Amino acid sequence: QGSAWEGEGARLARAGRRGQDDAPTEESAAMAKADALKERAQKKKPTLDEFLDKRDWSGALGLLQFERNSQNGEYDMETLVMWMAYAAFHLGDYKKAANLLDELIVLSQAEPVWNLYKACSLFYLGSYKEAYDTALKTGSGLTGASGRLQNRLLFHLAHKLNDENKLMIYHQKLTDDTEDQLSLASIHYLRNHFQEATDIYKRLLLENRESIALNVYVALCYYKLDYYDVSLEILQVYLQQHPDSVVAINLKACNHFRLYNGKAGEAELKVLADKQGVAITQYDNDLIRHNLCVFRNGENALQVLPPLVDAIPEGRLNLVIYHLKCEEYKDAHNLMKDVEPTSPEEYILKGVVSACIGQLEDNRELLKLAQQYFQLVGASASHCDTIPGRQCMAMCFFLLKQFDDVLIYLKSVKAYLFNDDDFNVNFGLAKAATGHYKEGEEHLAMVQSEKYKAEYAYIMALARCYIYNGKARMAWELYLKMETSHESFNLLQLIANDCYKMGHFFFSLKAFDVLERLDPNPEYWEGKRGACVGAFQKIVAGKEPRDQLREIAQMLRNTTNPQVEYIMRTFKKWAKDNGIKLS
């Protein structure tokens, strides 16, 4: 990098010249001092190669910009702009890289490859159609024998543009070279074929032991396959040599989040922030901000996630999950309505959102769509034996009201989700629906979430379990805790009828008494009358305490019906014979 820097020979020549002066003058002393300062400056001035070797793209770009501004002639303009574009691309400033390449493309002696490099920049900017057209300007393309980089780029662009025919054409042109196989593996990964991607990466790792970054790719595949322990073990090989890698530390954090909890994941991310001497919330990286929000269960989601919806694939999905947790179903629906699902996660969220809106609006079409989405994931070869896959099949049968089938799938994952509120609610509801009231009560009672405990379906199912398990008083207490509403009216009807059926006549009577006062329907009197007689019969048989008769008599008097007096005469006669005073 020649003329700007003087070589060692020039410095030796200066030293020799100074040594020949027997009596140095003030002028020669000043010159010697100036030479020494110049020499020191030359030693300190970094070179482009030093920046590139350290992968310091900001430093490289800054140096090149300085050289361009100073125009000292060390580089010709074309070489300078080329290296600036190279540094900007690796820095992630793809727009700047594309603009610099435009300066080269308009030159009279422009190299065709500049178009290809610009197409690479456009690819990372998400301008896939423009990138495809620009890449073809390099020559060859669809039918000709394209260069390997061009073919790899067109291969990825065909995937992004959902052009299966072109994808297969470019696939067939791939060679067994490492770069081509890496490209193929990445497409497998992007298409959720994680096992196929893993096989390629592992083979390449065996052939290229020195390429330790392949360990990160393998670890990422195992993460996607839910083998979090294996992912961590493989990742550690890379982290031992590159402990500051943002990508590797982030993946390690995600594994800890899956294996343990959000705090464990955040503790790993904190390592990155500590190295920069900033708080984790101030760490300037979109991916880290996104994952920190997820680890903290959606904290600041409305500030962090919306700008990342189109930048990070999971950004949109996690924002949808946040809206679902907040019961903002319309917002979740708006985010997902135009998404054509391609991954299991997208299918599952489309199913959940469709089910929520379908139940909210009583929309049978959306409920049917939700059932189909769940079935697609649950029946797929890749997910049929996973926990999410089994849950999807359970939800599919839940919507079809085939609760015996629901239990088959939920039982298969019970050991993994025993303390999970979502699981226990669904398992308890399915048990209650199939008449397994003892187990239904056990699982519904395990639910900790106050939100779930206040839900109508939960209360109704738990009340029925209590009644069928001989705990009618606890079912009645559920009603007493509710505010007067249409839902509490329905619970009264359930208590009245189910308690009557199970022979808990006293609490059936209490429910029918309230129902009759709310709605003077003759059917309620008939139920009340039968419950009165049944409760009295139990007292006579010694199965209920005698003093209960006073309360029964009081409830009977609340009805203005000629039959009341006839029943009361029977009560009074038995009470008198047995020494019980009725007020």
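The values are calculated or read from the model by the stated rules, or taken from the named source; none is laboratory data. Everything numeric here is computed off the predicted structure, so don't read it as measured data. Positions of Cβ are backbone-derived with ideal geometry, glycine not excepted, and every protein chain shown enters the neighbour counts. In case anyone asks, the SASA skips ligands and DNA or RNA and just uses the protein heavy atoms, side chains included. Shrake-Rupley method; radii C 1.70, N 1.55, O 1.52, S 1.80 Å.
The test for being among the hydrophobic types (A, V, I, L, M, F, W, C) and open to solvent by 70 Å² or more (accessible area, probe 1.4 Å) does not hold for residue 514.
Scanning segment 344-371 for residues that are without any contact (Cβ under 8 Å) to a residue 24 or more places away in the chain and within 21 Å of the chain's Cα centre (by Cα), we see that the one that is nearest to residue 388 (Cα to Cα) is 350.
Kindly check whether there is at least one residue in segment 534-542 that is of a type in the set (A, V, I, L, M), at pLDDT below 90 and either surrounded by 13 or more Cβ atoms within 10 Å (Cβ to Cβ) or within 17 Å of residue 496 (Cα to Cα) (or both). Within segment 534-542 (the criterion being of a type in the set (A, V, I, L, M), at pLDDT below 90 and either surrounded by 13 or more Cβ atoms within 10 Å (Cβ to Cβ) or within 17 Å of residue 496 (Cα to Cα) (or both)), the answer is no, since none of the residues qualifies.
At least 3 residues that are under 22 Å from residue 491 (Cβ atoms) and in contact with a Cys (Cβ under 8 Å, 6 or more places away or on another chain) in each: list the helices (runs of 4 or more DSSP H) lying fully within segment 504-583 that qualify.
Of the helices (runs of 4 or more DSSP H) lying wholly inside segment 504-583, those with at least 3 residues that are under 22 Å from residue 491 (Cβ atoms) and in contact with a Cys (Cβ under 8 Å, 6 or more places away or on another chain) span 505-518.
I'd like to know if segment 443-451 contains one or more residues that are at pLDDT below 95, surrounded by fewer than 17 Cβ atoms within 10 Å (Cβ to Cβ) and within 29 Å of residue 518 (Cβ to Cβ). Yes, segment 443-451 contains at least one residue that is at pLDDT below 95, surrounded by fewer than 17 Cβ atoms within 10 Å (Cβ to Cβ) and within 29 Å of residue 518 (Cβ to Cβ). Within segment 552-576, the set of residues being surrounded by 14 or more Cβ atoms within 10 Å (Cβ to Cβ), out of contact with any Leu (no Cβ under 7 Å at 6 or more places or on another chain) and not hydroxyl-bearing (Ser, Thr, Tyr) comprises 556, 561, 574. So for segment 522-529 (the condition being touching an Asp or Glu at 6+ places or on another chain (Cβ under 7 Å), open to solvent by 20 Å² or more (accessible area, probe 1.4 Å), among the basic types (Lys, Arg) and within 17 Å of residue 496 (Cβ to Cβ)), does at least one residue qualify? Scanning segment 522-529, I find no residue that is touching an Asp or Glu at 6+ places or on another chain (Cβ under 7 Å), open to solvent by 20 Å² or more (accessible area, probe 1.4 Å), among the basic types (Lys, Arg) and within 17 Å of residue 496 (Cβ to Cβ), so the answer is no.
Just checking: which of the helices (runs of 4 or more DSSP H) contained wholly in segment 323-400 hold 3 or more residues that are crowded, with 16+ Cβ neighbours inside 10 Å, touching a Ser or Thr at 6+ places or on another chain (Cβ under 6 Å) and among the hydrophobic types (A, V, I, L, M, F, W, C)?
364-378
With respect to residue 424, determine if the residue is among the polar types (S, T, N, Q), at pLDDT 95 or above and either crowded, with 21+ Cβ neighbours inside 10 Å or more than 24 Å from residue 368 (Cα to Cα) (or both). Yes; evaluated as a whole, the condition is true for this residue. When you check residue 501 against the structure, is it over 25 Å from residue 561 (Cβ atoms), open to solvent by 50 Å² or more (accessible area, probe 1.4 Å) and out of contact with any Gly (no Cβ under 8 Å at 6 or more places or on another chain), yes or no? No, not satisfied.
Please work out which residue is farthest from residue 222 (Cα to Cα), limiting yourself to segment 143-165 and to residues that are basic (Lys, Arg) and surrounded by fewer than 17 Cβ atoms within 10 Å (Cβ to Cβ).
The selected residue is 148.
Being among the hydrophobic types (A, V, I, L, M, F, W, C), within 18 Å of residue 497 (Cα to Cα) and open to solvent by less than 80 Å² (accessible area, probe 1.4 Å): is that true of residue 549 here? No; evaluated as a whole, the condition is false for this residue. In summary, helices (runs of 4 or more DSSP H) completely within segment 221-317 and bearing 3 or more residues that are open to solvent by less than 40 Å² (accessible area, probe 1.4 Å) and over 25 Å from residue 195 (Cα atoms) occur at 262-276, 286-295.
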